[in-house]
Every structure is written in C-alpha cells, then in structure tokens.
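Contents: one structure, followed by commentary.
The values are calculated or read from the model by the stated rules, or taken from the named source; none is laboratory data. On a predicted model such as this, the values are computed, not experimentally measured, just so you know. Here the Cβ positions follow ideal geometry from the backbone for every residue, glycine too, while neighbour counts run over all protein chains shown. Side chains included, ligands, DNA and RNA excluded: accessible areas come from the protein's heavy atoms. Shrake-Rupley method; radii C 1.70, N 1.55, O 1.52, S 1.80 Å.
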Amino acid sequence: MKSRLILPIFLLVGVIAASVLRFFQYVSLIDFSTGFFFEGSEFAGILIYILMGIVAAVSVVLLIIGRKNGGTPYTVASDGMGSHATQVLGISELIAAILIFILFIGKADLSLSITFNIGLHFSNLVGVFSTQISAGLSVPGIISSGGIAVILFVSGLLQLKNIVPPAITGHIKIVAAALMFPIIAEYYENDLIMHQRSDKLIVMLAYIMLGAFFASVSRFYSRIETPNSRMRELITSVMTFIICSVHVLPKLLAYAFGGTAVKGMSEPDLIVSAGVLISGAFIATLFFTKKTKDIIPVLYEEEVSGKKEKAAKTETE
C-alpha cells in the first residue's frame, strides 16, 4: 500500500511546486498585454518547462517501476474496482461537463450575437466577419466543445447509475477524442506564434494531451484493454494532469494573492480546467481503489500467433 502511494504523492508535490513557480512568473515575469515574458526574463520563464519535464519524466519512471512490481493501478479492471470508484469518476465527468458547457454557451451566445448583427447591418458585413475571426469563433469549435460537454455529461450520469462503468462510456470517449481535433486546430490557427506566448503554449499542450487521454482511457471504460494499454492510460493521464494543473492552479493562486500584479491575466481555460478534474479523478481512482478483479487483456490474432511461435521456439531450443 505504501509503495503504491509514491507516485500520487510525488505527482501532487511536483504539481504544487510547478504551480508555485508559475504563480511567481505571473506576478513578475509575464506581460499580460502581449503574452510574452518581459525582456531579459526569458531564461527564468523557461524554468517552468524544465520543472514540468522533470516531474513528467520522474513520474514515467515511477510508473515503469510500479508496473514491474505489480499492484492495483496496473492490474485492476474497470469492473473490478471498489464500490464507490465509478461514482467518483462519474461526478468528476459531470462537473467537467458543466465547465465545458459554460464555455459552449459563451461561444454560442457571442456567435448568435454576431450573426444577428450581420442581419441588422448587412453593410458592415466585412467588419463583423473580422470580429468573428478575431474572437476565435468557428462553427466546428462551438460544435466540438458542446459535443464534448454532452459526452461527459452522459458518461457521468451513466456511471452514477451503475456500480461499474458501462462499456458505452468508453466508446463515446473516442468521439470526445476526435472532437478535440477541431478545437486544437482552431486554437493553433488563431495564434501562429503561440510558442512564444507561455500561457497559450501550455493550453495548446493541454488540449493535445487531453485528446490523447480520452483516446487511451476509452479502453479502460470499454474493457477492451491489451497487455500494454494500462501503461498508456496512466502515462497520458499523468501528463494531462501535470499540464492542465500548471495552467489552472497558478491562476487560482494569482486571483487569491496576486493583486494588481496580475491585472490583465487571462482566465483559466474551462476545457483545461475540466481536464484537471477528469485526469486527477482517474489517477486517484486507480491508485486508491480496492481491487476485486484483474484485467482480462484482449489478445489479437497476431499476438497469439507470435506467442505460440515463441513458445515453440523455446521448446525446440
């Protein structure tokens, strides 16, 4: 039990340390009018990426060591968890759905307002269209964010009503992963130099990891895991949690303690905020749940034939 706690404790300490560092960057190093670090502070700004990389690398090493030692997080099946594990996952997805739905409503309202203005002032069509582009709005982006909110809401409700996650909650997460692509593309196209804007770069990385997280954990919920899929689920969830937390937690600290030094700072991204909840709940569930059933891995025909050939070769030798 104690060895199982090493990764969650390290992950929590690492995320808190990175969040504190990021908080100090917000109050002293970032020009919120441009999104760039102040001139001469670029090296200090790179420290957040170095610390995030160290926390991520050590976490992966701990996962590899933990897998060799076995244990609940690496072997528990989604239908073999403790009695309240499914409810924890469901609640996290419901809250995440509400956060993303708030974003969807905000985008939809602004888009409708723009469309209404086009109808009233057709002569200003070009100017209004420019406003829509600068606001970062697009039909695919609005539909995608709303679709992810619906998927998480349905998945959360189904988990609250069942002792084990229904397989459908895994199938629809593949759709959620696909819906992240239009959001990523739109965010990238809105700012082609985001690699120099620290806040936007972290959000972009969080979007990418969240899409990978949805795709990998779909096997967990669908109960079609392979011998190596659990490690992918754990790695993507850990990476998602690190990146999303380093975006959200420092902003909360800044609101509480930053004062006028953080005036002009952008609000926490709601999709990334949802990512903190669902990835954190997934990690906590696997590491703290009680195991009643092991994973029954799915072996594809190629893997079965490969194992038979290897066994036959071993017998011959």
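Structure notes:
- Leading residue by the ranking (surrounded by the most Cβ atoms within 10 Å (Cβ to Cβ)) among those in segment 248-267 that are of a type in the set (D, E, K, R) and in contact (Cβ under 8 Å) with a residue 40 or more places away in the chain: 251
- 3 or more residues open to solvent by 40 Å² or more (accessible area, probe 1.4 Å) and not β-branched (Val, Ile, Thr): qualifying helices (runs of 4 or more DSSP H) within segment 1-102: 6-28, 42-69
- Matching entry among 299, 270 (being modelled with pLDDT of 90 or more, open to solvent by 30 Å² or more (accessible area, probe 1.4 Å), under 32 Å from the mean Cα position of the chain (by Cα) and not hydroxyl-bearing (Ser, Thr, Tyr)): 270
- Once segment 147-176 is narrowed to residues that are open to solvent by less than 10 Å² (accessible area, probe 1.4 Å) and small (Gly, Ala, Ser), the residue that is nearest to residue 206 (Cα to Cα) is 176.
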